[in-house]
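> Encoded as structure tokens, here's the structure I'll be asking about.
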Amino acid sequence: MRTFASATAIALLLTSAAITTPAVAAQESGQLMTSVPGDALPVSEYYKEDVYDAHDSKIGDIRDVLLEKSGQVAAVILGVGGFLGIGEKDVAVPFNAIRVTEKDGKRYLVMDTTKEALQSARGYTYERNKGAWVPATK
């Protein structure tokens, strides 16, 4: 009986340790946050949003946000040119080239470039089978 009680106590101890250990380990390794930065913006503030030049003219729209393997945002893909999606091309720009500006209480995205500069940039195409953006062939 004493062996059974000891075995049960050890089993309960191991079970409770197994349940709490991953959470404790995650917290100790910095994988959990107790708060988020107050000035952080969600990706939804960028994804599929229009981008304007310094003169408030629309120059493109964000088609994709590219992350490095480390998790850092590396670039965005902008759809530029065309009309109603016809003749549009996708170009890559550094993420830090786009800034969030506020006007009349509304946030919008601005980039210091021209529509012409973006239209003359190298185009990219998304290849689903590779899961990557690759230089356009035309």
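The values are calculated or read from the model by the stated rules, or taken from the named source; none is laboratory data. Quick caveat, the model's predicted, so the values are computed rather than measured. Glycine also receives a Cβ, built like all others from the backbone with ideal geometry; neighbour counts cover every protein chain displayed. Each accessible area value is taken on the protein alone, full model and side chains, heavy atoms only, with ligands, DNA and RNA left out. Shrake-Rupley method; radii C 1.70, N 1.55, O 1.52, S 1.80 Å.
> Out of all the residues in region 85-116, which are modelled with pLDDT under 90 and under 19 Å from the mean Cα position of the chain (by Cα)?
Within region 85-116, R107 is the sole residue that qualifies.
> Is it fair to say T8 is open to solvent by less than 60 Å² (accessible area, probe 1.4 Å) and modelled with pLDDT under 85?
So T8 passes the test.
Residue by residue, here is whether (1) more than 17 Å from the chain's Cα centre (by Cα); (2) open to solvent by 60 Å² or more (accessible area, probe 1.4 Å); (3) in contact (Cβ under 8 Å) with a residue 60 or more places away in the chain holds:
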position	(1), (2), (3)
E49	no, yes, yes
D53	yes, no, yes
D61	no, no, no
L66	no, no, yes
K69	no, yes, no
G82	yes, no, no
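> Within the bounds of region 27-43, is there any residue that is open to solvent by 50 Å² or more (accessible area, probe 1.4 Å), modelled with pLDDT of 65 or more, within 30 Å of E127 (Cβ to Cβ) and assigned to a loop (DSSP other than H, G, I, E, B)?
Yes, region 27-43 contains at least one residue that is open to solvent by 50 Å² or more (accessible area, probe 1.4 Å), modelled with pLDDT of 65 or more, within 30 Å of E127 (Cβ to Cβ) and assigned to a loop (DSSP other than H, G, I, E, B).
> When the residues of region 71-80 are narrowed to those that are within 12 Å of the chain's Cα centre (by Cα) and within 17 Å of R99 (Cα to Cα), which ends up surrounded by the fewest Cβ atoms within 10 Å (Cβ to Cβ)?
Q72
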